[in-house]
């Protein structure tokens with residue numbers, strides 16, 4: 001008795017080998033899984049990049065603010081040190097002298113120093129005889145009044 005194959009469309013494949021359709025589906029699933037993994041890694045890298053950019057921008061702003069504050073306080077320290085010199089020049093200008101050239105030289109130095117301080121933002125204000133204003137004046141002492 002001979003047994004013949006009834007289905008002639010079935011390929012001759014051993015049971016250990018996957019069928020071509022299963023191989024394609026398996027490869028497609030593997031490629032899809034790899035694509036999903038790469039998309040997740042890409043999203044993670046983009047998130048890390050955005051965070052790094054934000055951190056750098058915050059660092060840049062903070063460094064600029066600290067630099068500005070440093071320069072402001074450095075200028076303030078300079079002004080505090082130079083104000084007594086300016087006061088000395090004012091007293092020297094009030095002193096009578098016989099040498100007009102000397103007096104003129106002291107006056108020129110005083111004017112230059114005053115202009116330099118104005119460029120730094122320091123200008124004299126009228127305070128004598130005026131009511132104390134904490135936005136313009138600095139309290140040196142405290143005196144109780146009515």
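A few comments on the model shown:
- Placing R0 at 41 angstrom, the Cβ-Cβ distance between residue 48 and residue 75 gives a FRET efficiency of 0.50 after rounding to 0.05.
- Most to least packed among 72-79, 98-105 [average Cβ atoms within 10 Å]: 72-79, 98-105
- Region 20-119: C-alpha gyration tensor shape, a/c 1.5 cut-off, then a/b vs b/c: prolate
- R0 of 35 Å, Cβ-Cβ distance residue 86-residue 144: FRET efficiency to nearest 0.05: 0.65
Read-outs throughout are calculated quantities, based only on the coordinates presented, and are distinct from any laboratory measurement. The structure displayed is predicted, hence computed values, not measured ones. Positions of Cβ are backbone-derived with ideal geometry, glycine not excepted, and every protein chain shown enters the neighbour counts.
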